[in-house]
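**Q** Here it is, the structure in full.
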Amino acid sequence: MKFKSGKTPFTTKVEDTRAFVVVPILPERYALVVDQDESERPKYRRSDEARLEEAAGLARAIDLKIIDSFLVQTSQPRPATLLGTGKVEDIAERIEREEIELVIVDHPLTPVQQRNLERAWKIKVIDRTGLILEIFGRRAQTREGSLQVELAHLNYQKGRLVRSWTHLERQRGGGGFMGGPGETQIEADRRQLQDKILRIKRELDTVVRTRQLHRQKRRKVPHPVIALVGYTNAGKSTLFNRLTGADVLAEDMLFATLDPTLRRLRLPHGDMIILSDTVGFISNLPHHLVAAFKATLEEVVEADLILHVRDMSDPDNAAQAEDVETILSGLGIKKGNDKRVIEIWNKIDRLSEPMQDSAENLSSGSHEDARPVPLSALTGQGTRELLAMIEGRISGSMEKVQVCLQPDQFSLIDWIYRHGSNVRRQDEEDGSVVIDVDMTAGSAQKFRDKYASITKR
């Protein structure tokens, strides 16, 4: 594999590339922002082993051949190389011995650190942001997704223009007779990148306007929108497929899907909703990506309900949930304050029976507005309870009602059967029909407003 200056990372062929994954472990004080409020600091710390496994999983998501992945303890970050001199030399020896072609450092690298590590190891080095950009570039299928990834990459690349190549030292001639030295090649490259960024932003603005038009059309046929969010690989796409019967790619792979997918779903008592599967979140999500995918994440902001899917079989699920809540908070959706959020405790089929019972007890003991739903998207366990909760939030609680239909209204009987349950019909001597039925409050009100007389029982 050959990486060259100016190439987008997601156009390179990386299959069968021999790679190392290096996870630097820094003291906790270097992970905190100096001016960060105490309440905003993470409550849960992800284990080092979980970080290592996640970093290797990200690398495998683009078919790299991982020869080894290892933790590197660092007492303090070095401005030049992040890692200590001895560690850099040890890794250099291993790289030569194992014939490694690429090193992934699971930590943000400054342009200078990246350049110095590449010189020391004599191979290509990418950091966590570069790796996630590579994955996103491969997963993007729609025009919008491709534009968002390209915008994020160009913003990332703009900060990487350092004087590490000789062609950047050349000068361009100035205009006019006494033009002077002119602009350097690095300035010209930066200007070209800025021009591309502006062009892509204009194209994305067009996409955003199109999305807004689609949203306005949906409002004219007011189907509530339910958005699935969660940490990557939490099982959102599997749950989406289970509920809608769709065939969205659902694999045990980080960022298996990227572009948002929307499908219609009919609830048990006939009401129609739109279910939206969104991009998975991840810890330390590069800010370039958060900004680039803001248009896509508007689907979450505008949603009537937000289903936060958690992988309860993961030992670090609390830290993962905190990462998701941090990103949602940046979108104005704060846990506890926003009543639209429902927690989904997924993958309970992977838990032992005592842990499953504990999850069920914790769920049933919670307040109704904050009650999580334990389920298994893979087996379908608990999905009926989830649909009932969605229906209750969207259409209101169930009501026992009585409907009286005259002979010229018999065409409404089909609607009643589709939107009700426990239907009991009684034919009257005058030709009318009295139907006792259980309906959601929303369906009952809709019927009352538009069709026929209806009374509570």
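**Q** Just wondering, is there one or more residues in the stretch 15-22 that are surrounded by fewer than 15 Cβ atoms within 10 Å (Cβ to Cβ) and modelled with pLDDT of 90 or more?
**A** The answer is no; no qualifying residue exists.
**Q** To continue, here is another question. Name the strands (runs of 3 or more DSSP E) wholly inside the stretch 329-447 in which the number of residues that are open to solvent by less than 30 Å² (accessible area, probe 1.4 Å) is 1 or more.
**A** Because the criterion is at least 1 residues that are open to solvent by less than 30 Å² (accessible area, probe 1.4 Å), the strands (runs of 3 or more DSSP E) in the stretch 329-447 that meet it are 341-346, 398-405, 433-440.
**Q** Over 21 Å from residue 102 (Cα atoms) and modelled with pLDDT of 70 or more, is that true of residue 171?
**A** It is false that residue 171 is over 21 Å from residue 102 (Cα atoms) and modelled with pLDDT of 70 or more.
**Q** Taking the residues in the stretch 111-141 that are acidic (Asp, Glu) and surrounded by 20 or more Cβ atoms within 10 Å (Cβ to Cβ) as candidates, determine which candidate is farthest from residue 151 (Cα to Cα).
**A** Residue satisfying both the conditions and the ranking: 127.
**Q** Okay, next question. Return the residue satisfying two criteria in turn: it lies in the stretch 60-110 and is small (Gly, Ala, Ser) and outside any loop (DSSP other than H, G, I, E, B), and of such residues it is surrounded by the most Cβ atoms within 10 Å (Cβ to Cβ).
**A** For the stretch 60-110, the residue satisfying everything is 69.
**Q** For the stretch 260-274, give me each residue that is of a type in the set (Lys, Arg) and in contact (Cβ under 8 Å) with a residue 24 or more places away in the chain.
**A** 264
**Q** Sort out which residues of the stretch 135-152 are within 16 Å of the chain's Cα centre (by Cα) and under 18 Å from residue 198 (Cβ atoms), and write them in order of number.
**A** 144, 146, 148, 149, 152 - these are the residues of the stretch 135-152 that are within 16 Å of the chain's Cα centre (by Cα) and under 18 Å from residue 198 (Cβ atoms).
**Q** I'm checking my understanding of the structure. Among residues of the stretch 28-50 that are under 30 Å from residue 95 (Cβ atoms) and either among the hydrophobic types (A, V, I, L, M, F, W, C) or open to solvent by less than 60 Å² (accessible area, probe 1.4 Å) (or both), which one is modelled with the lowest pLDDT?
**A** 31
**Q** What helices (runs of 4 or more DSSP H), lying completely within the stretch 177-292, carry at least 1 residues that are aliphatic (A, V, I, L, M), at pLDDT below 85 and over 17 Å from the mean Cα position of the chain (by Cα)?
**A** Hits in the stretch 177-292: 185-220.
The values are calculated or read from the model by the stated rules, or taken from the named source; none is laboratory data. This structure is a prediction, so every number in the text was calculated from the model and none was measured. Quick reminder, even Gly has a Cβ in these numbers, built from the backbone with ideal geometry, and neighbours come from all protein chains shown. Heads up: the accessible areas ignore ligands, DNA and RNA and are worked out on the full protein's heavy atoms, side chains in. Shrake-Rupley method; radii C 1.70, N 1.55, O 1.52, S 1.80 Å.
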